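The values are calculated or read from the model by the stated rules, or taken from the named source; none is laboratory data. Computed from a predicted structure; not experimentally measured. A quick note on method: Cβ atoms are made from the backbone with ideal geometry, for glycine too, and the neighbour counts reach across all protein chains shown. To get the accessible areas, we keep the full protein, side chains included, count just its heavy atoms, and leave off ligands, DNA and RNA. Shrake-Rupley method; radii C 1.70, N 1.55, O 1.52, S 1.80 Å.
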Amino acid sequence: MRQSQPAPMSSAPPPGLPFVDATTPPVLALTAPVTRDRVPELCDAVRELLERTRAGVVVCDLAGLGPPGLTAVDLLARLQLTARRAGGRIRLRDPDPALRALLDLVGLRFEMEGEPEEREPALGVEEEVEPGEAAV
């Protein structure tokens, strides 16, 4: 008698449904030297990661970026713009404190890994006021 074998188990997503691992966004490691010639290539990489993974965010690992400068600031601004146009955003991992200060100086705000996202307060929430004052 022939014994029936159990069907092999697969962790693949059902056909026709994209696999999205929302807990682990893709990581793009940025390394020195940062030059203007590399900007289009890195923007294409961010766009491709967002489209392929549909994660909504790409983590840019800055540990190997080297000393901060305006070229790095320009690169990050262009990567964020590219990500926004593709329907996502970038999150910075391990930025040098001097780079963070430079980004603040030029007025660019980025989500940093390990920091809570800045969000608007929920609608309908009123702040506590002193008795006799109107609610805000």
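Filtered by the rule that a residue be in contact (Cβ under 8 Å) with a residue 40 or more places away in the chain and not in a helix (DSSP H, G or I), region 62-87 gives a lone residue, A86.
Against the list (1) under 12 Å from the mean Cα position of the chain (by Cα); (2) at pLDDT below 95; (3) surrounded by 12 or more Cβ atoms within 10 Å (Cβ to Cβ), the condition T24 fails is (3). E51 passes every criterion in (1) surrounded by fewer than 17 Cβ atoms within 10 Å (Cβ to Cβ); (2) touching a Lys or Arg at 6+ places or on another chain (Cβ under 9 Å) apart from (2). Restricting attention to region 32-48, the residues that are under 17 Å from the mean Cα position of the chain (by Cα) and open to solvent by 60 Å² or more (accessible area, probe 1.4 Å) add up to 3. Of all the criteria given as (1) part of a loop (DSSP other than H, G, I, E, B); (2) within 20 Å of E113 (Cβ to Cβ), the one not satisfied by V59 is (1).
Please state which one of F110, F19 is in contact with a Pro (Cβ under 9 Å, 6 or more places away or on another chain) and at pLDDT below 90.
Testing whether each residue is in contact with a Pro (Cβ under 9 Å, 6 or more places away or on another chain) and at pLDDT below 90 leaves just F19.
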